[in-house]
Amino acid sequence: MGKITLLTSEEINELVDEALKRALEMVETPTKQKDCLMTREETAKFLKINLSTLNEWTKKGYLTSYAIGHRRYYKEEEILKALVNLNKKNNGA
């Protein structure tokens with residue numbers, strides 16, 4: 001049989017906090033891969049726009065594309081940041 005140890009409320013809070021931090025790290029790890037590259041088609045579908053609009057937004061500097069050979073890619077994290085920035089501009093912030 002194991003030994004029973006009495007803990008103070010602070011010690012219990014510390015243990016719970018540490019357990020929660022570890023659990024959150026495990027949950028957040030897959031979603032931290034925001035640097036995944038998306039093709040033009042995937043990006044347009046994600047934004048629910050057509051490819052010509054995607055080209056215009058790229059030319060105007062709203063989005064940044066990256067090239068490998070003749071293929072263009074977009075970073076998901078940058079797409080999400082661009083949406084937030086556009087939203088801030090439209091709301092006068």
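The values are calculated or read from the model by the stated rules, or taken from the named source; none is laboratory data. Just so you know, these numbers come straight off a predicted model, no measurement behind them. In this analysis, Cβ positions are derived from the backbone assuming ideal geometry, glycine residues included, and neighbour counts consider all displayed protein chains.
Would you mention how many residues in segment 65-93 are among the charged types (D, E, K, R), surrounded by 10 or more Cβ atoms within 10 Å (Cβ to Cβ) and at pLDDT below 75? Spell out how you get there, then give the answer.
The initial filter retains those residues of segment 65-93 that are among the charged types (D, E, K, R), namely 71-72, 75-78, 81, 88-89.
From what is left, the residues that are surrounded by 10 or more Cβ atoms within 10 Å (Cβ to Cβ) are 71-72, 75-78, 81, 88.
The next check asks that each one be at pLDDT below 75; those that pass are 88.
Result for segment 65-93: 1.
Going by what's in this entry, would residue 60 be described as surrounded by fewer than 10 Cβ atoms within 10 Å (Cβ to Cβ), at pLDDT below 85 and at negative phi? Steps first, please.
Details: surrounded by fewer than 10 Cβ atoms within 10 Å (Cβ to Cβ): yes; at pLDDT below 85: no; at negative phi: yes.
In short, no.
Considering only segment 55-82, state which residues are in a loop (DSSP other than H, G, I, E, B) and within 11 Å of residue 40 (Cα to Cα).
The initial filter retains those residues of segment 55-82 that are in a loop (DSSP other than H, G, I, E, B), namely 60-65, 69-70.
The one that is in a loop (DSSP other than H, G, I, E, B) and within 11 Å of residue 40 (Cα to Cα): 65.
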